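Inspection log for the structure reproduced underneath, given as structure tokens.
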Amino acid sequence: MIITDFLAPHHVVLDVRAPDKRRLLEDLAGRAAAALGLDAGLIQRALEAREALGSTGIGSGIALPHARLTQVTRPTGLMLRLRPAIAFEAIDEQPVDLVFLLLIPTEAPSEPLNALACVARRLRDPAVVGALRQVRDPAAFYAVLTEDR
């Protein structure tokens, strides 16, 4: 599985403002709902339930919020770069500015792990993360995120 399997170029949004984690999850839910034709409240509740288990802030300014939903038929991603970074209760307690939302079908046991692992691997590369923080347009951001290395 590769990122282009679940992230479309038009699902990259740069320099989003969110005052706090709750509002960010609300924003993500609204964007995902519009893209998938689902109820934003349903998505937000699923994201909040997952965050209640432990923060998806993985450190180094990166968060990977995700949720399983029966209404989702295939993994779907949304990538945001925040300006400014916000507190996210990340494991390293650093503010988050790169957020990859992943919604996954409830019925696919291995797809979620493969998709999350794919994103996490890519965002573990300091060169990729540095470039993502510098590019100025969504097309360049998408290219950096999805190009093979």
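Observations
- Anisotropy class of region 45-101 from Cα gyration tensor, a/c 1.5 cut: oblate
- Remark: the Arg74-Leu53 segment gains 5.2 nm on full extension, using 0.36 nm per residue and subtracting the alpha carbon distance.
- When the charge dipole of the chain is built from unit charges on Cβ atoms (+1 for Lys and Arg, -1 for Asp and Glu) and taken about the Cα centre, the candidate among Ala49, Ile3, Leu116 whose Cα reaches farthest toward its positive end is Ile3.
- Two-decimal Rg/Rh across the chain, once Rg and the Kirkwood Rh are taken from alpha-carbon atoms: 0.92
- Net charge over other residues, Cβ less than 12 angstrom from the Cβ of Ala67 (K, R count +1; D, E count -1): +1
- Three-way shape call for region 69-149 based on the alpha-carbon gyration tensor, with the a/c threshold at 1.5: prolate
Read the figures in this text as sums done on the coordinates, not as results from a lab. Since we're looking at a predicted model, the values are computed, not measured. Using ideal geometry, Cβ is built from the backbone for each residue, glycine included, and neighbour counts are taken over all protein chains shown.
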